Structures are given as structure tokens and as C-alpha cells.
Amino acid sequence: MLILAIAALSSAHASTPEPVHAAAHNEALVRKAFTNWSTGNGTVFALLSPDIVWTVHGSGSVAGTYKGVEAFLEGAAAPLTRRLARPLVPKVHAIWAVGDTVISRFEAGSTTTGGRPYTNQYVWIFRMEDGVVVEAEAFLDLAAYDKVVAENTAR
């Protein structure tokens, strides 16, 4: 009887995903998405849940919380990307993962529609469920973002 109880507990424990494995899986998904983005074969935004809650921290024009992927893309991403001559290209400095949280630190740059360079440093914190980002927080230089939006024509 004791052997059956131990076997049942071992079996139940074996089927429960370890936090380390979840972290490694989430990190691999985010790392691959950044690699695809940097080579022009997709973006990290493909990982976003349609119902994502994305918070841009700071006091710039786009600071705030966006509910839903469309609200985030139109309200926070598009004002910048429409003023860039080419898509942003990220350069990842580090990606860390613990459990369902993945933190990325990267820089991204492009050329504005006015012909000037744009670069910014970013830290994104993702909370993931089942391979998609359900919550995100972004930290970046919002003054640099706002300058591009104010001084360049949207395409």
C-alpha cells in the first residue's frame, strides 16, 4: 500500500511542470521572437495575448495602461513607428526568466521620416501564460519617443 501511495505521489509530481522548466520555455519563446524581429522575420508583438494589459511607465505622452493588443499597438506603438522610415531593429543585451516572468533589456533603433537617427533603451517585463504575454510593463526614454513623434511627419 505504501508503495502505491509513493508511486501515485511521484506520478502526480512528475506531471506538474517545474517553475524552472516554465521559465526556460518562456525565455526561449521571447528570445526567438526577438531574434525573428531583429532579422525582419516577425516581432515580439506576435506573442501578445489579444487581451493583454500593457503599462508604459513614465510621464510621456504614451505613458499609461492599455487594455487589449489593438489599444496598445495603436495607442503606444503606432505613434512612433509611423514616424520611422524603417522598422525598429532590436539589439538584445539580456533576457532573464523566472517562472512566468521574462525580463528583456534591449536597445532598438531606426531612422525617422525626417532622416535623423532614433535609438532608445528598453526594459520590458512580461508575465506569460501558456506561451503568450498576458501582462507587460515597459520602461524607456519617453522624452526621446515624444521628440520623434513631435518632430517627424507620420507616414
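The values are calculated or read from the model by the stated rules, or taken from the named source; none is laboratory data. Keep in mind that what you see is a predicted model, and the values were worked out from it rather than measured. Quick reminder, even Gly has a Cβ in these numbers, built from the backbone with ideal geometry, and neighbours come from all protein chains shown. Just so you know, the surface numbers come from the protein's heavy atoms only, side chains and all, with ligands and any DNA or RNA stripped out. Shrake-Rupley method; radii C 1.70, N 1.55, O 1.52, S 1.80 Å.
A few notes on this one:
- Within the accessible area of the chain (1.4 Å probe), percent carbon and sulfur: 60
- Think of a 1.4 Å ball rolled over the protein heavy atoms: the chain then has 57 Å² of accessible area per residue.
- Helix 142-151 axis, angle to the chain major axis (alpha carbon atoms, nearest 10°): 40
- Each of A154 and A94 was given a label point 7 Å from its Cα along the Cα-to-Cβ line. The distance between the two points is 3.7 nm.
- Gain on full extension, evaluated as 0.36 nm per residue between Q121 and K147 minus their Cα-Cα distance, stands at 7.9 nm.
- Cross-link partners of K91 among lysines, defined as those whose alpha carbon lies under 24 angstrom from its own and excluding same-chain residues fewer than eight positions apart: K32, K147.
- Crossing angle, helix 2-15 versus the chain [Cα axis fit, 0-90 degrees, rounded to tens]: 10
- Environment charge at M128 (Cβ cut-off 10 Å; Lys +1, Arg +1, Asp -1, Glu -1): -4
- Note on E74 and R86: the extension gain reaches 2.6 nm, defined as 0.36 nm multiplied by sequence separation minus the Cα-Cα distance.
- Distance in nm between pseudo-label sites at E107 and D130 (7 Å out along the Cβ direction from Cα): 3.9
- Fully extended contour minus Cα-Cα distance, from K32 to A63, at 0.36 nm per residue: 8.4 nm
- Helix-only mean residue ellipticity at 222 nm for the chain, each DSSP H run of n ≥ 4 adding -39500 (n - 2.57), per residue, nearest 500: -10000 deg cm²/dmol
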